[in-house]
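The numbers here are math on the coordinates, done by the rules we state, and not lab data. Note that the structure is a prediction, hence the values are computed from the model and not measured. Methodologically, a virtual Cβ is constructed for each residue, glycine included, from the backbone with ideal geometry; neighbour enumeration extends over all protein chains shown.
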Amino acid sequence: ALERLSQGRSAERGAELFRTANCATCHRLGGMGNAFGPDLSQLDSQVTPREILEAIIEPSKTINKDFLTHTYLLESGKAVAGLPLAESEGVLTVIENPLAGTQPIHLQRAEIEAETTSSVSMMPKGLLDNLHLEDVLDLVALIVARGDRSSPLFSHDPAHGQDHHAQGKEGILE
């Protein structure tokens, strides 16, 4: 199915899905979204469409070290798991669950007894489960284009993409 990326994808639909599939909650792309996760506009040019799709389907397969989930055991006995955002003057700022819209919390470095990292991504599996194949291809095309809506991957025909819901996701990695 990935060979169909070059068949006039819809940048508008890809951008809509980037927002509604919760990608924008953690990632930036083409001026949209937040910077809790990697900025997808800045992906290495060597990353293939297949690797992008696999990273969405299996987010824990490969995690950039800068985006590992950390668990902090505090002196109080409380455990806090999240993504460290910043540290300044002994205060660590951590986001526990960006998808839930939680606000970052501040931990005193002196109150942290232990810190570990997890091999499980904060990015949940199943983000594509409710999307049709054509929708997934539009979303992947937008990421492949690094958010550039003028990319040759996209059809500039406004009528394109009106019948995206006729097909399932079978064989998407084929």
Principal-axis tilt of helix 133-144 within the chain, Cα atoms, nearest 10 degrees:
60
Obtain the nm distance between the two label points defined at H132 and T71 by a simple spin-label model: each point lies 7 Å from its Cα along the Cα-to-C-beta direction.
4.2
Going highest first, how would you order 25-32, 139-146, 84-91 by mean Cβ packing within 10 Å?
139-146, 25-32, 84-91
Just checking my list [x] 58, 29, 28; [y] 82, 38, 25; [z] 59, 42, 27 against Cα extents along the principal axes in Å computed from this structure; which label fits?
[x]
Formal net charge of residues neighbouring T62 (Cβ-Cβ distance under 10 Å; K, R +1; D, E -1):
-2
Quick one: what are the phi-derived ³J(HN,Hα) couplings along segment 16-29, Karplus 6.51/-1.76/1.60 with θ = phi - 60°, whole Hz, x for glycine and proline?
4, 5, 4, 7, 6, 8, 6, 4, 5, 4, 10, 10, 9, 6
At 222 nm, what value in deg cm²/dmol follows for the chain if DSSP H runs of at least 4 each add -39500 (n - 2.57) and the sum is divided by all its residues, to the nearest 500?
-5500 deg cm²/dmol
Segment 88-131-segment 34-74 distance, computed between alpha-carbon centres (Å):
14
Subtract the Cα-Cα distance of N64 and S45 from 0.36 nm times their separation in residues, and report this length gain in nm to one decimal.
5.2 nm
Restricting to Cα pairs below 8 Å that are 6+ residues apart, what does the relative contact order work out to for the chain? Please round to a whole percent.
34
Along the Cα-to-C-beta direction of E16, a point sits 7 Å from the Cα; which residues of segment 118-156 have their amide N less than 18 Å from that point?
128-143, 149-150, 154-156
Extension gain, E3 back to R109 (0.36 nm per residue minus Cα-Cα distance, nm)
33.2 nm
